[in-house]
There are 2 protein chains.
Amino acid sequence: MEPVFGETERNVARSVELIEAAADRGVQLVVLPELCNTGYVFETRGEAKALAEDVPSGPSTAAWIAAVAARNLHIVGITEREGDTLYNSAVVIGPDGLVGRYRKMHLWADEALFFAPGNLGFPVFETAVGRLGVRICYDGWFPESYRLAALQGAEIVCVPTNWVPIPGQDPARAAMANTLVMAAAHTNSIFVAAADRVGTERGQPFIGQSLIVGPPGWPVAGPAGTDGEEILVARVNLADARRKRN
Amino acid sequence: MEPVFGETERNVARSVELIEAAADRGVQLVVLPELCNTGYVFETRGEAKALAEDVPSGPSTAAWIAAVAARNLHIVGITEREGDTLYNSAVVIGPDGLVGRYRKMHLWADEALFFAPGNLGFPVFETAVGRLGVRICYDGWFPESYRLAALQGAEIVCVPTNWVPIPGQDPARAAMANTLVMAAAHTNSIFVAAADRVGTERGQPFIGQSLIVGPPGWPVAGPAGTDGEEILVARVNLADARRKRN
């Protein structure tokens, strides 16, 4: 996705179009990018607070709940507000509504100015489509966070993300972020589905290259391109994640 | 290196040739493959015990100590014997003799039939050429083991290894083992120097592809080829590992 900063209604409508397009292809689990409802590059905490929403009563979560009421599961990034506290969160939604939420633990760079670190630990959600963990962007730089998911039986870890270019790094080179996803899948023998955004927001570019990786560590879909919206689809057998073979 | 099983004297002599060739090029730290003095594919514990040596009095360590007495530091893999207990160990040797030893923690497959798991924890060695950690082969499948090195201030982790092909994996593909090394370097902002063996021993092939990786996660030397002995050299500034920039 290429969210537009501050245009929550437009962004959520676009995400619903993409969710429906994926569902029409038989997809049972959709992962959207980090903070895809609001955009990412906040300049002030007030701005973040104005765009943050309660879960599940806020308009973004409500729209997604409505969109998947007759479908299967999806996961999205959202700026969450609980009283005066803001989180960089992801909601897990199924046909029956909200399954749970994950609040990003490892805040990157200026995120710490706007958000509080997650206070819900690293939950694994038992769903009809598998045991799901969620990690958001910079969480993936901490291999322990994937390990904690695997130790709780997660079969797939969904990663809403907003990957940025690394200064000094050759942009023609594959993303180091992809290397981390592959290593996490291989060392834990799990699936990882990472959905990045594309486009430039307030001068900050994002690198795309979303991918879905299987327990051996190799991509089963993607990496996607560096720009343009794209739906990556993979058909997988989550039982492969229950055999720990390394 | 391509060690020959059971021919310790020949293997150590060959390793000394390679150490001297590297030293002639100004190298200050040499990493040799796992168990490069004895070979790897033991069939019985008795066989392993007969080839195991005390440290530092055994002939392999003694030969290496002599070889580097006027040089800088190197690290090697060795089958270590302490009384009736065998370890898959690496010795760290400097110009003044034995600096320390690391005993492999994560025994892979049949190794558990021959060796006891390491009982010395994950030491970091302060040396004239930097703060060194050591991990052996399958240890690298546990990202926590690199993290424990970094948390103790290691600037470079040396990895004597005997990587084997992964069943069902396209041999033309880059080694997943390299992906794990790159992820470990990047997520900890450290150097990693992994020295694999080549050749086939008692029907077991090894995959080569040794590499040296910098804190950004990209190789600064290698990966080496899949067969043939090779010396990989990189000139690095270990201070880069002290800046944690991710």
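All of the numbers you see were taken from the coordinates with simple rules; none came from a lab. The shown structure was predicted, so the numbers you read here are calculated from the model rather than taken from an experiment. Neighbour counts are summed over all protein chains in view; Cβ atoms, including those assigned to glycine, are modelled from backbone coordinates with ideal geometry.
Taken over the range B:23-98, the convex hull of the Cα atoms encloses 75 Å³ per residue.
Contact order, relative form, for the range B:30-164: 23 percent (alpha carbon pairs under 8 Å, 6 or more residues apart, mean separation divided by residue count).
Here the gap between A:Thr44 and A:Glu144, fully extended at 0.36 nm per residue and compared with their Cα-Cα distance, gives a gain of 32.9 nm. Projecting the Cα positions of A:Val233, A:Ala116, A:Leu148 onto the charge dipole of chain A (unit charges on Cβ atoms of Lys, Arg, Asp and Glu, taken about the Cα centre) puts A:Leu148 furthest along the positive direction.
With label points set 7 Å from Cα along Cα→Cβ, the inter-copy distances at B:Val233 are 5.4 nm, sorted shortest first.
Spin-label pair A:Arg243-B:Val233: with each label point 7 Å from Cα along the Cα-Cβ axis, the two points sit 4.6 nm from one another. By the rule of a C-alpha distance below 25 Å, with chain neighbours fewer than 8 residues away ignored, the lysines paired with B:Lys49 are B:Lys104. Taking a ≥ b ≥ c as the square roots of the eigenvalues of the alpha carbon gyration tensor, chain B is rounded, as a/c is under 1.5.
Couplings for the range A:187-201, taken from phi via the Karplus curve 6.51 cos²θ - 1.76 cosθ + 1.60 with θ = phi - 60°, read 6, 10, 6, 9, 8, 9, 10, 10, 10, 9, 8, 10, x, 10, 10 Hz in order; Gly and Pro are left as x.
For the range A:40-92, state which GluC sites (Glu not before Pro) are in a DSSP loop and have at most 12 other beta carbons lying within 10 Å of their beta carbon. Could you put the intermediate results ahead of the total?
On the way: sites: A:Glu43, A:Glu47, A:Glu53, A:Glu80, A:Glu82; in loops: A:Glu43.
Within the range A:40-92, the qualifying GluC sites (Glu not before Pro) (loop, at most 12 other Cβ atoms within 10 Å) are A:Glu43.
Nearest 500 deg cm²/dmol is fine: what mean residue ellipticity at 222 nm does chain B get from its DSSP H runs of n ≥ 4 alone, each adding -39,500 (n - 2.57), divided by its residue count?
On the way: 6 runs with 59 residues, N = 246.
Helix contribution divided over all residues of chain B: -7000 deg cm²/dmol.
Sparsely packed loop sites in the range A:1-32 (the trypsin sites (Lys or Arg not before Pro) outside DSSP H, G, I, E and B with at most 14 other Cβ atoms within 10 Å) comprise A:Arg25.
Computed from backbone phi, the HN-Hα couplings of the range A:161-166 come to 8, 9, 6, 10, x, 8 Hz, rounded to whole numbers (Karplus: 6.51 cos²θ - 1.76 cosθ + 1.60, θ = phi - 60°; Gly and Pro given as x). Secondary structure note: in the range A:8-243, about 65% of the DSSP beta bridges are antiparallel.
If you place +1 on the Cβ of every Lys and Arg and -1 on the Cβ of every Asp and Glu, how big does the dipole about the Cα centre of the range A:94-214 come out, in debye to the nearest 20?
On the way: 9 positive and 10 negative charges, 7 e Å.
Dipole about the Cα centre, nearest 20: 40 debye.
The charge dipole of the protein assembly as shown, taken about the Cα centre with unit charges on the Cβ atoms of Lys, Arg (+1) and Asp, Glu (-1), comes to about 380 debye, rounded to the nearest 20.
If R₀ is 30 angstrom, what is the calculated FRET efficiency for the pair A:Asp24 and A:Glu82, using the beta carbon separation as r and rounding to 0.05? Could you put the intermediate results ahead of the total?
Working: r = 35 Å, r/R0 = 1.15.
Once rounded, the FRET efficiency stands at 0.30.
Under the shape rule built on the C-alpha gyration tensor, where the axes satisfy a ≥ b ≥ c, the protein assembly as shown is prolate, since a/c reaches at least 1.5 and a/b is greater than b/c. For chain B, averaging the sequence separation of C-alpha pairs within contact (under 8 Å, six or more residues apart) and dividing by the residue count gives a relative contact order of 16 percent. Amide H to amide H distances under 5 Å link B:Arg131 with B:Glu155, B:Ile156, where only residues 5 or more positions off or on other chains count and H is placed in the peptide plane. Build a GNM of chain B with springs between Cα atoms under 10 Å apart, and of B:Pro123, B:Pro167, B:Pro219 the one that fluctuates most is B:Pro167. Database remark: amide H of A:Gly100 closer than 5 angstrom to the amide H of A:Val92 (H placed geometrically; neighbours at sequence offset of 5 or more, or on other chains; Pro and chain starts carry no H). Placing a label point 7 Å from Cα along the Cα-to-Cβ direction at B:Leu120 gives distances to the equivalent points in the other copies of 4.6 nm, listed shortest first. The distance between label points at B:Gln152 and B:Leu113 comes to 3.2 nm (points 7 Å beyond Cα on the Cα→Cβ vector). Backbone phi angles across the range A:131-145, fed through the Karplus curve with coefficients 6.51, -1.76 and 1.60 (θ = phi - 60°), yield HN-Hα couplings of 8, 10, x, 10, 10, 10, 6, 4, 3, x, 7, 10, x, 4, 5 Hz in residue order; Gly and Pro are listed as x. Sites listed here are trypsin sites (Lys or Arg not before Pro) in the range A:162-220 whose DSSP assignment is loop and whose Cβ has at most 15 other Cβ atoms within 10 Å: A:Arg173, A:Arg202.
Sorted from closest to farthest, the other copies place their A:Glu17 label points 6.7 nm away, with each point set 7 Å from Cα along Cα→Cβ.
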